[in-house]
Amino acid sequence: MKYRIYGKEKKLAIGVYPEVSLAHARIERENARKLLAEGKDPSTLKRTTRICEKRHHEDTFEAIAVEWFTYKSQQSGAWVATHAYDVKSGLVNDVFPHIGKIPIRDITPRLLLDVLRRMEKRWVFVRLRKVRQQCHQIFVYAIALELVNSNPASDLAKLLKTPVSDNLPHVKEEELSEFLRALSTYKANPILQIATKILLLTGVRTMEIRLAERGEFDWENAVWVIPAEKMKMPRPHLIPLPRSTRHEMPSHRPRK
């Protein structure tokens, strides 16, 4: 179909006969004339629509998730290797096999809920919570790119089971003095005794005290510096040390 717009002569390719019938070609011609009457270029709109449809099928959940993962893991303050591995393994093992090849725009809350409930049936509730949060962040990223208009992961936490957890064994306030007296006389395992005292004085996680190394303790400035490579976010973690901590540690002076 020949037409003029903005003072230029152009052509619109409607299709190839007989794949496109004459009746269908007439309908497309009338649609093109309506667009011209509105000041729109039918050829440009057709090309734009074709590009959008192609992009729609290429922008699968997996493709956008990988793009999000790359962006998050390479930006300033990037994830440490262990955290990046956990994020990637959760997506690769629990999400991609089920909805990875589906265009992200076509993923509904129900589709995503079915994926998460597969994990729910395996009773992996900690992993389930993390994967749902990661999916939520992926859709936030997709919204910023104008690939989707809403986030299907937003309200799914309300539809998933919450595990019933019991309080961990703990020392009550009235039992604390007796516990400290017993700890001071506990000699069977000196390392355990020292670690427990430092745990009480600093409030760190058990893993941080278990993996602590002598060189992390700056006695002159009374600070414990946990190096960046041990932390989820790659920056050092500084813990002020009470002066009494210095006396709980084995001799911190280097041996001659």
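Can you find a residue that is part of a loop (DSSP other than H, G, I, E, B), free of Cβ contacts under 8 Å to residues at least 60 places away in the same chain, within 30 Å of ARG235 (Cβ to Cβ) and open to solvent by 50 Å² or more (accessible area, probe 1.4 Å) anywhere in region 69-76?
Checked against the condition, which is being part of a loop (DSSP other than H, G, I, E, B), free of Cβ contacts under 8 Å to residues at least 60 places away in the same chain, within 30 Å of ARG235 (Cβ to Cβ) and open to solvent by 50 Å² or more (accessible area, probe 1.4 Å), region 69-76 yields at least one hit.
Filter region 150-196 for residues that are within 27 Å of LEU128 (Cα to Cα) and not in a loop (DSSP other than H, G, I, E, B); which is most open to solvent (accessible area, probe 1.4 Å)?
If we take residues in region 150-196 being within 27 Å of LEU128 (Cα to Cα) and not in a loop (DSSP other than H, G, I, E, B), then LYS158 is most open to solvent (accessible area, probe 1.4 Å).
Need the failing condition index for LEU147 against (1) part of a loop (DSSP other than H, G, I, E, B); (2) touching a helix residue (DSSP H, G or I) at 6+ places or on another chain (Cβ under 8 Å); (3) within 30 Å of PRO163 (Cβ to Cβ), just the number.
Result: LEU147 passes all but (3).
How many residues does region 112-143 hold that are under 22 Å from ALA63 (Cβ atoms), open to solvent by less than 70 Å² (accessible area, probe 1.4 Å) and of a type in the set (Val, Ile, Thr)?
Here the count works out to 4.
Please find, among ALA32, ALA25, ALA13, the residue that is more than 30 Å from VAL87 (Cβ to Cβ), modelled with pLDDT of 85 or more, out of contact with any His (no Cβ under 7 Å at 6 or more places or on another chain) and outside any helix (DSSP H, G or I).
Answer to the check: ALA13.
Among the residues of region 85-104, which ones are in a helix (DSSP H, G or I) and either free of Cβ contacts under 8 Å to residues at least 24 places away in the same chain or touching an Asp or Glu at 6+ places or on another chain (Cβ under 7 Å) (or both)?
Across region 85-104, the qualifying residues are TYR85, LYS88, SER89, VAL92, ASN93, PHE96, PRO97, HIS98, ILE104.
Report whether or not PRO242 is touching a Cys at 6+ places or on another chain (Cβ under 9 Å), touching a residue at least 40 places away in the same chain (Cβ under 8 Å) and either over 30 Å from THR70 (Cα atoms) or not hydrophobic (A, V, I, L, M, F, W, C) (or both).
Answer is no for this residue.
Kindly check whether there is at least one residue in region 46-67 that is part of a helix (DSSP H, G or I), touching a helix residue (DSSP H, G or I) at 6+ places or on another chain (Cβ under 8 Å) and open to solvent by 70 Å² or more (accessible area, probe 1.4 Å).
Yes: region 46-67 contains one or more residues that are part of a helix (DSSP H, G or I), touching a helix residue (DSSP H, G or I) at 6+ places or on another chain (Cβ under 8 Å) and open to solvent by 70 Å² or more (accessible area, probe 1.4 Å).
Scanning region 209-228 for residues that are touching a helix residue (DSSP H, G or I) at 6+ places or on another chain (Cβ under 9 Å) and assigned to a loop (DSSP other than H, G, I, E, B), which turns out surrounded by the fewest Cβ atoms within 10 Å (Cβ to Cβ)?
Among those that are touching a helix residue (DSSP H, G or I) at 6+ places or on another chain (Cβ under 9 Å) and assigned to a loop (DSSP other than H, G, I, E, B), it is LEU211.
The values are calculated or read from the model by the stated rules, or taken from the named source; none is laboratory data. Small disclaimer: the values here were computed from a predicted structure and weren't measured. Heads up, the Cβs are rebuilt from the backbone with ideal geometry, glycines too, and the neighbour counts pull from every protein chain shown. The area values use the complete protein model at the heavy-atom level, side chains included, leaving out ligands, DNA and RNA. Shrake-Rupley method; radii C 1.70, N 1.55, O 1.52, S 1.80 Å.
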